[in-house]
Amino acid sequence: MTAADRSSTVQDLEQFRLDVRQWLEDNCPESQRQPITPEEQYFGGRNATFPSEDARIWFERFRDKGWVCPEWPTEYGGGGLSPQQGKVIKEEMKAIRARTPLYGIGIWMLGPALLEFGNEAQKQQHIRDIIDGKVRWAQGYSEPGSGSDLASLQCKAEDMGDHFLVNGSKIWTTAADKCDWIFCLVRTDPDAKKQEGISFLLIDMDDPGITTTPIELISGESEFCQTFFDNVRVPKENLVGELNAGWSVAKALLVHERKLMSEIGSDSPREVVVPNQAARQYLEFEDGKIADAELRSRLVDYDMEMHAVGLTHFRTFEEKVAGVRSAAPLVMKYVGTEAEKQKSELLLAIMGSQGLGWEGEGFNRAEIDTLRLWAMSYAMTIAGGTSEVQLNVIAKNVLELPQG
Amino acid sequence: MALVLNEEQQFLQDTAREFLKTNAPVEALRTLRDERNKTGYDSALWQQMAELGWASIILPEEYGGLDFGFLGLGVVMEEAGRTLTASPLFASAVVGASAILLGGTPSQKETLLPAIAAGETTLALALEEHNRHKPHSIATTAETTDDGYVLNGRKTFVLDGHSANQILVVARSAGDTGDSAGLSLFLVSGDAPGIQRQRTLMADSRNAANITLDNVAVGPEALVGEAGQGWSVLEPVLDRGRVAMAAEMMGIALECFERTVAYLKEREQFGALIGSFQALQHRAAFMQTQLELARSVVLQALSAVDETPEQLPLLASLAKARLNDLAQLVTNEAVQMHGGIGVTDEMEIGFFLKRARVAMQVFGDTSFHKDRYATLCGY
Ligand SMILES: Cc1cc2nc3c(=O)[nH]c(=O)nc-3n(C[C@H](O)[C@H](O)[C@H](O)COP(=O)(O)OP(=O)(O)OC[C@H]3O[C@@H](n4cnc5c(N)ncnc54)[C@H](O)[C@@H]3O)c2cc1C
């Protein structure tokens, strides 16, 4: 790229930014420019209703503009934009606190995997439905006996000629009771080596033989389910990738999941309290400094950590655009979720007893949300591969240490 | 794109790595130490480094500089950190040159900068008066006389102080010890009457000196920046130094880490390579996460020098604090993971450990920078 090319791209991007800003100004309803509550998050799906008329209008305009998945190819309903442009849209939305019109692991995880591994028919059938919010997806990876050691999974799919017969159970399936379809890892060859007998299946949850039961978490929420498969017939065309080669699809999808989780907090539905603002509200100051030296020190540690994490996110993006390979993306899940946990712990310390409100009188919304987020922060260092497993991955794939 | 090196910078890095590995490996520092070399660095090597343009890397072309900016400097500092190369690069080409560049009169710039660029003249900053970094706690006095100033005081931890041709002395021309107002910077010849320089032998086998100024008389032309306004020059100079030192520490940490990971792959105990033990794997992987974060803050701080100087104070403190912690973590773990051999003088790991401890004190340790960062954030 010559200097002239580069500067023209920069100019184009600046123009694009202005256009985005204008479009958002003209199209994002006022009510959609404030922090969202968990109840108002729209995940789409067959039975979904919009939380408000404005939310519907906002989603439809956004979808028609092609911005639900701005970087996906246009032939499946994506926006066909560059990563830089996608980033500009995000930044400009953030600037006016515009809500994300549609959430979903179809967008975050399955879509990218289908674009990479799915056949033409699968892309035609599923990608547009994800973008249009018509189908809500669940992730069927973990099993009661297979968490970190995912490849030990047992849920089996037998080849019955024209279909697979699925039997077994999946656990921690987020929102499975509200989802329309589930993507599952199933064992298709019990005799092969662990990773080599696994396939990646798409299953319609309306199929007979599927049941779900919710699980309550320490955060008081119960968006998680155990999902049971009892002689479920799945058409052959729902196999993604080759038979017994599902592990590579699974891994690619996990990369998206981890990236997403490393960015957690940046798009939280709850009222996000920033520690150094909380400090001003809840702590005593002397001569312009937080009087409690220990808390002040913890706060700087956290702020510096987040500053470093933020810059590293930015760097991974720039490296991706520049085509530079580095280990940074592989460490982000670990550092992002650990920092989030550190933050929650710090906020509780700063707020003292005001940070312990579970519900009701005596606590404001932000305080209660802080406690709920604290409880949720524990899940983040577990879901999508625990922190320990992340360190294993780094040791193996980045440092190439000998495996015992 | 601030956080990704461009082709030129990448090329510079490759050249620097190749050159230093060949001409100034850790072994060279060992030799300097064992021979108790008087200068503390190899003058011939420094001439070669200057010929490569490294002494002028941040200087504009009009002064014979390479004009590569701080990102360019950063890659060279990092490579020098990998080899623990002793040279006046930091004291003279970064700190000294920045002071003249930011505070010097046109005539100071014209005479000094090309000489610094050519590696002919070296500078050292005589700032500290305490065992810990306190940049405005200055008791050294500058009294006005009919022909200029008279300086009196004691300085410590003056990097390259015993060998530099010119000493940049921070002195108080007004105000009380502890004020940032009232400070002035003076350029004093290293052998001016009344100057006593005592070289100290420190942990890292590099160059630092204690300097005593006893009625040292200088003319008005020795003043760098305005009288009493020295802080406005000194603060950005210190920040540039902090960022450059952070880049060197990045190199120290990376090299030390890579050597350790290599050792984990070759040392066998209990019939297995020790790198297959998960307790060690997790500690190594954790270091990798910290190296990645450090990489980003160093790059951002380096690019802030040239592009967003208003953000420099915050970013310099972030970079120095984080790299202090990183260097400590990595060098400690490196020694531990090497086992017994790690505490022998024969093993070079110890050189990294010692250099890291000195680097950690240069222009502020972690608690200094945490305090500064918090203050800049308003708490
Ligand atoms: C909020 C949340 C949402 C989730 N959503 C989904 C979902 O939608 N779909 C889905 O399929 N799954 C989901 N999961 C499941 C998640 O992927 C698993 O919980 C996770 O992989 C860990 O497995 P486990 O719970 O069985 O823990 P275990 O694997 O039993 O781990 C227990 C402990 O042992 C440690 N450990 C295990 N193996 C090793 C090792 N090799 N080395 C070192 N330490 C080890 C772990 O780090 C952990 O500390 C979700 C989990 C959470 C918390």
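The values are calculated or read from the model by the stated rules, or taken from the named source; none is laboratory data. These numbers come from a predicted model, not from an experiment. Here Cβ is always computed from backbone atoms with ideal geometry, including for glycine, and neighbour counts include all displayed protein chains. We work out accessible area using only protein heavy atoms, side chains counted, and drop any ligands, DNA or RNA first. Shrake-Rupley method; radii C 1.70, N 1.55, O 1.52, S 1.80 Å.
Using alpha-carbon positions, what is the distance between the centroids of region B:285-325 and region A:145-172, in Å? Answer, in whole Å: 46.
Using Cα pairs under 8 angstrom and six or more residues apart, how large is the relative contact order of chain A, in percent?
12 percent
For chain A, the calculated P(r), taken from all Cα-Cα distances in 20 Å bins from zero up to the bin holding the longest distance, is 23, 57, 19, 1 percent. Placing a pseudo-label 7 Å from each Cα along the Cα-to-Cβ vector at B:Gln48 and B:Ser189 gives an inter-label distance of 3.2 nm.
Once the convex hull of all Cα atoms in region A:280-347 is built, its volume per residue stands at 96 Å³.
Contact with the other protein chains removes 50 Å² or more of accessible area, compared with the isolated chain and a 1.4 Å probe, from these residues of region B:1-32: B:Met1, B:Leu3, B:Val4.
Neighbours of B:Asp67, meaning other residues whose beta-carbon lies under 13 angstrom from its beta-carbon, give a summed charge of -4 when Lys and Arg score +1 and Asp and Glu score -1.
Summed over the residues of region A:59-107 and divided among them, the accessible surface reaches 43 Å² per residue at a probe radius of 1.4 Å. At q = 0.12, 0.20, 0.26 Å⁻¹ the log10 of I(q)/I(0) for region B:14-91 amounts to -0.33, -0.85, -1.28, computed by Debye summation with a single uniform scatterer per C-alpha, solvent ignored. Each other residue within a Cβ distance under 10 Å of A:Leu153 adds +1 if Lys or Arg and -1 if Asp or Glu, for a net charge of +2. With coordinates expressed along the principal axes, the C-alpha atoms belonging to region A:94-150 extend over 44, 31, 19 Å, beginning with the largest.
For chain B, the average shadow cast by the Cα convex hull is 18.8 nm², which is a quarter of the hull's surface. Computed from the Cα positions only, the extents of region A:24-125 along the three principal axes stand at 40, 34, 20 Å, in decreasing order. Partner shielding of A:318-326 amounts to 3, given as the average count of beta-carbon atoms from other chains within 10 Å of each residue beta-carbon.
For a modelled paramagnetic label at A:Glu221, 7 Å from Cα along Cα-to-Cβ, the residues of region A:365-391 in reach, with backbone nitrogen under 13 Å, are A:369-381, A:383. Among the GluC sites (Glu not before Pro) in region A:265-360, those placed in a DSSP loop whose Cβ has at most 15 other Cβ atoms within 10 Å are A:Glu284, A:Glu359.
Can you tell me how region A:219-319 classifies by the Cα gyration tensor, rounded, prolate or oblate, using a/c under 1.5 as the rounded cut? Prolate shape, in that a/c is at least 1.5 and a/b is the bigger ratio. Excluding ligands, DNA and RNA and using a 1.4 Å probe, chains B and A jointly bury around 3500 Å² of accessible surface, summed across both partners.
Computed from label points 7 Å out along Cα-Cβ, the spacing between B:Leu376 and A:Glu237 is 6.0 nm.
Computed from Cα positions, the angle between helix A:246-262 and the longest principal axis of chain A comes to roughly 10 degrees.
A simple count of charges around A:Pro329, restricted to other residues whose Cβ falls under 14 Å of its Cβ and scoring Lys, Arg +1 and Asp, Glu -1, yields +3.
Based on Cα atoms of the protein assembly as shown, Rg over Rh with Rh as the Kirkwood radius reads 1.03. Computed from the C-beta positions of B:Thr344 and B:Asn131 and an R0 of 25 Å, the FRET efficiency is 0.30 to the nearest 0.05. The accessible-area loss of region B:338-379 on complex formation, taken against its chain alone with a 1.4 Å probe, reaches 40 Å² or more at B:Lys370, B:Asp371, B:Tyr373, B:Tyr379.
For region B:251-310, applying the loop criterion from DSSP together with a ceiling of 12 other beta carbons within 10 Å to the chymotrypsin sites (Phe, Trp or Tyr not before Pro) yields B:Phe270.
Protein heavy-atom accessible surface, 1.4 Å probe, per residue over region B:284-379: 31 Å².
Applying the criteria of a DSSP loop state and at most 12 other Cβ atoms within 10 Å to the trypsin sites (Lys or Arg not before Pro) of region A:87-122 yields A:Arg97. Extension gain, A:Glu388-A:Met160: 0.36 nm per intervening residue step, less the Cα-Cα distance, totals 78.2 nm. The reciprocal of the average 1/r between distinct C-alpha atoms defines the Kirkwood hydrodynamic radius, which for region A:298-404 equals 15.8 Å. Within region A:65-210, the ratio Rg/Rh, alpha carbon atoms throughout and Rh by Kirkwood, equals 1.03. Straight-line cross-link reach from A:Lys236 at under 29 Å between alpha-carbon atoms covers these lysines, not counting any fewer than eight positions away in the same chain: A:Lys123, A:Lys134, A:Lys156, A:Lys170, A:Lys178, A:Lys193, A:Lys194, A:Lys251. Counting protein heavy atoms only, the protein assembly as shown has 50 percent of its accessible area on carbon and sulfur, 1.4 angstrom probe.
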